[in-house]
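The values are calculated or read from the model by the stated rules, or taken from the named source; none is laboratory data. These numbers were taken from a predicted model, which means no experiment stands behind them. Positions of Cβ are generated from backbone atoms using ideal geometry, with glycine treated the same way; all protein chains shown enter the neighbour counts. Accessible surface is based on the protein model in full, side chains and every heavy atom, while ligands, DNA and RNA are left aside. Shrake-Rupley method; radii C 1.70, N 1.55, O 1.52, S 1.80 Å.
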Amino acid sequence: MSKVTNILVCGVGGQGVMTATEILAEAAISLGFDVKKTEVAGMSQRGGVVTSHLRFGPEVLSPQILPGEADMLIGFESAEALRWGHMLRPGGVALVNSGRIVPPVVNIGLFDYPEQPVAQMCELGLRVHDFDATALAVQLGNIRLGNTVMLGASSDWLPFPAEVLRDAVLARFGSRKPKLVDVNREAFEAGRRAVAGETLAA
Amino acid sequence: MSASQPVPAAARLFLSGNEAVARAVWEAGTRVAAAYPGTPSTEILEVLAKYPDLYTEWSVNEKVALEVALGASMVGARAFCAMKHVGLNVASDALMTMTVTGTEGGLVIAVADDVGMSSSQNEQDSRYWGRFAHLPVLEPADSQEAYAMTRAAFALSERFRTPVILRLTTRICHVKGVVVAGEREAVEPGGFTKDPRRWVMVPGNAKPRLPLMFEREAAVRAEAENSPLNFRVDGSDRRIGFVTSGPAFMHVREAFPDAPVFKLGLSCPPPIESLREFAATVDSLLVVEETEPLLETELKAAGIACHGKDVLPRTGELAPDALHLGVARLRGEVVAEPEHVVPQQVFPRPPTMCVACPHLGVYYTLSQMRNVMIAGDIGCYTLGAGHPWNALDSCISMGASMGTALGMDKGRGKVDANKKVVAVIGDSTFMHMGMQGLLDITWNRGNVTVLLLDNRAVGMTGGQDNPGSGRDLHGEETTRVDFAKLCEALGVKKERIRVLDPYQLPVLFKALREETKIEEPSVIITDRPCVLIDHYVPTKPYLVKEDRCTGCGNCVDVGCPAIHVIRRDKEVKASGKEVDLSFVRIDTSACTGCGLCVQPCAPEAIIHAEPVQPLQPMQFVRK
Ligand code: SF4
Ligand code: SF4
């Protein structure tokens with residue numbers, strides 16, 4: 001691989017967007033790539049918008065992904081995926097959690113939540129794979145596994161074997177709490193199955 | 001001192017700029033490091049605190065942090081302090097004298113500019129402080145350079161006996177990259193030498209030192225001309241040569257891989273003669289600097305023709321897209337619209353207070369009050385300016401709520417005569433800069449009600465400790481300030497100081513009404529911990545009995561993010577007036593049971609749910 005791979009992870013502050021990107025970065029580092037990772041976030045804690053940029057390749061200069069240059073968009077929340085859809089390059093792929101997080105400004109009636117964010121993305125000509133990662137995580141027993149589910153979903157689109165990412169996930173959780181390893185492995189595979197059958201266009 | 005072992009040397013580490021600086025500070029044999037938390041600089045001290053063999057502290061403000069560092073330097077120890085850009089304004093009084101005394105042990109000041117303003121009240125170019133104080137400024141471009149330049153900064157500081165400013169930006173502090181680190185040096189402090197002519201800055205001693213400052217500046221300038229921190233990258237396309245520093249260098253290389261670039265690491269004082277030579281090798285020169293046209297002005301003053309802010313944005317980051325546009329403008333090219341999808345208009349998602357934040361009730365109460373002018377302050381309190389509370393009328397700088405409120409009180413005319421003046425400030429902010437303002441209020445008999453929201457942490461930056469939390473940077477127990485006594489000492493009458501629970505809305509409302517009526521300074525201290533800190537204990541969550549909910553929306557106005565509107569409706573009252581209804585559900589997995597929303601709910605529709613798995617706020621929400 002001679003070019004730089006650009007992955008944009010987006011979601012809402014508190015969802016674990018940064019941790020997920022960190023794990024993706026660890027996988028890329030373990031393969032010897034030069035890696036840069038940055039957050040573009042206005043007060044990302046406290047429920048604001050979060051985007052995390054990950055770039056890896058033989059040499060990475062700027063840490064930022066430009067609009068229209070992302071190879072992959074990993075959207076942890078539907079409306080956020082729609083917000084950042086323009087970052088994808090033609091032929092790039094978006095993996096989207098169809099779960100929703102409705103902010104207070106929508107609750108108090110100042111704005112509307114888009115009715116069909118994923119459908120809107122498709123209309124724009126984007127390649128989108130959506131599934132309810134939140135529901136999957138809840139089924140597996142802990143809503144926090146959503147993070148690993150999303151990583152699993154992304155794993156077959158990466159320019160390296162899915163196992164490398166899976167090992168990075170397990171290493172991360174295994175080092176903190178060994179008993180989390182099995183359930184994370186399961187979550188990873190569940191995410192992988194949820195979007196199985198396609199690969200990233202060159 | 002907690003001593004989790006630092007990562008081994010020579011490994012390929014994946015570090016943020018802040019982590020890289022911390023590593024380098026430790027390796028440099030530093031003995032004392034101090035800071036006040038502030039985005040984007042906070043993590044430097046948090047990380048450094050985990051390293052062994054050095055003293056680290058949160059100071060009450062940046063000026064104190066810098067003074068602590070200077071004291072250590074005086075006794076010959078290597079010292080470090082960190083702050084965000086607005087923090088250097090606070091520390092500047094000490095800085096402007098330190099530039100005259102100079103230093104003994106190496107002293108490095110890391111200043112993190114919030115370029116692009118992700119969480120600050122202004123955008124400001126700290127490189128000016130280097131010019132103002134005649135101090136060297138180093139500007140790294142990524143984590144590896146942040147590491148290497150921090151090491152270099154200590155050496156430079158000791159060679160020239162000067163404080164050195166390490167200018168970071170958000171895009172250094174919070175970008176992670178690969179860093180190869182080294183070992184810790186053993187540096188033994190040389191000891192203090194009594195020398196009043198150097199350290200006692202009365203005019204008679206300071207005057208003879210001023211020329212030394214300019215001699216030093218000239219010497220550093222000569223160093224800059226030859227320093228390996230300033231280097232050229234050759235390029236085949238000589239139409240435009242770039243002069244740049246900091247992360248802008250990476251963006252330039254990314255956007256124009258074939259262009260010649262002069263990269264400044266030791267950027268103040270600038271190596272004018274080397275830049276003049278470089279300019280002669282290209283058709284035109286473009287200075288790419290964040291954020292002020294500082295170097296551009298210096299080059300022009302030296303007679304070197306160049307472009308800069310005439311084609312580049314005046315504010316914010318200079319990422320590759322901004323550069324492409326600027327260069328096209330310079331070349332007189334027409335810029336083709338890029339062929340990607342345009343951004344979609346999606347609702348804004350401003351940051352909001354956490355589920356169960358102890359400030360929710362305070363802002364809810366304030367939003368219910370009529371005829372008040374509310375001077376706000378820095379921190380999570382600022383979030384009260386947003387929806388649904390809209391309960392702040394100003395926010396200027398750290399601690400400014402006090403003075404602003406007094407000014408509103410004293411300056412008001414007839415139209416505002418009946419209004420109450422309230423100032424809202426947090427515990428940490430109060431100790432940082434607010435105390436003096438309160439003293440001014442009491443001394444000058446201001447009619448201001450101060451809400452001192454004690455959440456025992458620096459909430460906005462992630463819950464760091466302060467003298468009000470009773471713990472230090474290492475989490476160890478220490479003296480805890482007594483705010484009521486402190487306010488009393490500052491001149492507030494004892495009977496005008498109340499300490500209460502911000503989750504008890506009626507008590508809060510009554511206290512506010514009473515205190516704002518009395519025409520003298522009063523302080524209402526609310527005392528509940530921030531939900532982000534370890535000491536916060538969640539209790540049983542609530543749910544909404546849907547058959548009892550009348551859709552009045554009162555609970556929504558509290559502003560807790562765990563309350564969701566599931567259905568809207570309209571109702572025509574007997575009077576013929578149409579009212580909006582919002583029927584709600586509580587996200588039980590996020591709710592921590594603070595009970596705030598229960599209080600404004602007349603039909604008692606909000607009741608305890610069965611215990612559920614405790615979760616952090618703002619996790620995934622089910623559809
Ligand atoms: S961080 Fe603490 S103080 Fe800030 S909004 Fe959250 S709970 Fe409130
Ligand atoms: S305050 Fe009570 S009745 Fe009103 S919307 Fe909330 S739950 Fe329903």
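For chain B, the longest principal axis of the alpha carbon atoms and the long axis of helix B:320-331 meet at an angle near 50°.
Enter the buried accessible area of the A/B pair, total of both sides, probe 1.4 Å, in Å² rounded to the nearest 100.
Separately minus together, A and B give about 5700 Å² buried.
Taking amide H positions as modeled 1.01 Å from N, with prolines and chain starts lacking one, the residues under 5 Å from B:THR169 and 5 or more places away or on another chain are B:ASP113.
Taking loop as defined by DSSP and a crowding limit of 13 other beta carbons within 10 Å, which GluC sites (Glu not before Pro) in segment B:470-523 fit?
Those that pass, being in a loop and sparsely packed, are B:GLU476, B:GLU519.
For chain B, the longest principal axis of the alpha carbon atoms and the long axis of helix B:143-160 meet at an angle near 60°.
In the protein assembly as shown, helices alone account for a calculated mean residue ellipticity at 222 nm of -9500 deg cm²/dmol, with every DSSP H run of four or more residues adding -39,500 (n - 2.57). Apolar share of the accessible surface for the protein assembly as shown: 53 percent from carbon plus sulfur atoms, 1.4 Å probe. Normalised by the number of residues in segment B:290-387, the average gap of Cα pairs under 8 Å and 6 or more apart makes the relative contact order 18 percent.
Look at the stretch A:104-116: the mean tally of other chain Cβ atoms within 10 Å of its residues' Cβ atoms is 6. Computed over neighbours whose Cβ is under 15 Å from that of B:LYS419, the net charge equals +2, Lys and Arg +1, Asp and Glu -1. For B:ALA28, neighbours were defined as the other residues whose beta-carbon sits under 9 Å from its Cβ, and their charges (Lys and Arg +1, Asp and Glu -1) total +1. The loop-placed GluC sites (Glu not before Pro) in segment B:255-344, going by DSSP, that have at most 15 neighbouring Cβ atoms within 10 Å of their Cβ come out as B:GLU333, B:GLU339.
Within chain A, what is the longest stretch that has no GluC sites (Glu not before Pro) placed in a DSSP loop and near at most 15 other beta-carbon atoms within 10 Å? Let's see the in-between values first.
Working: sites that count: A:GLU59, A:GLU115, A:GLU198.
That gives A:116-197 as the longest site-free run.
Across chain A, C-alpha contacts under 8 Å between residues 6 or more apart give a mean separation that, scaled by the residue count, equals a relative contact order of 19 percent.
For chain B, the longest principal axis of the Cα atoms and the long axis of helix B:17-27 meet at an angle of about 60 degrees.
Note on exposure: B:TYR55, B:TYR363 ranked by accessible area (1.4 Å probe, complete protein assembly) read B:TYR55, B:TYR363, with the most exposed listed first.
Only the Cβ atoms of Lys and Arg (+1) and of Asp and Glu (-1) were treated as charged; on that basis the dipole of segment B:389-529 about its Cα centre amounts to roughly 600 debye. Of all lysines in the structure, the ones whose alpha carbon falls short of 20 Å from that of B:LYS207, not counting any fewer than 8 places away in one chain, are B:LYS194. Shielding value for A:46-52 is 5, the average number of Cβ atoms from other chains within 10 Å of each residue's Cβ. Comparing B:PHE242, B:LEU543, B:GLY102 along the charge dipole axis of chain B, the residue lying farthest to the positive side is B:LEU543, per the Cβ-charge model. For the peptide A:72-82, the mean number of other protein chain Cβ atoms found within 10 angstrom of a residue's Cβ is 2. Restriction of the trypsin sites (Lys or Arg not before Pro) in segment B:228-317 to DSSP coil positions whose beta-carbon has at most 11 other beta-carbons within 10 angstrom yields B:ARG314. With contacts defined as alpha carbon pairs under 8 Å and 6 or more residues apart, what's the relative contact order of chain B in percent? Relative CO of chain B lands at 10 percent. With a cut-off of 11 Å between beta carbons, the residues surrounding A:GLY11 carry a summed charge of 0, where Lys and Arg count +1 and Asp and Glu -1.
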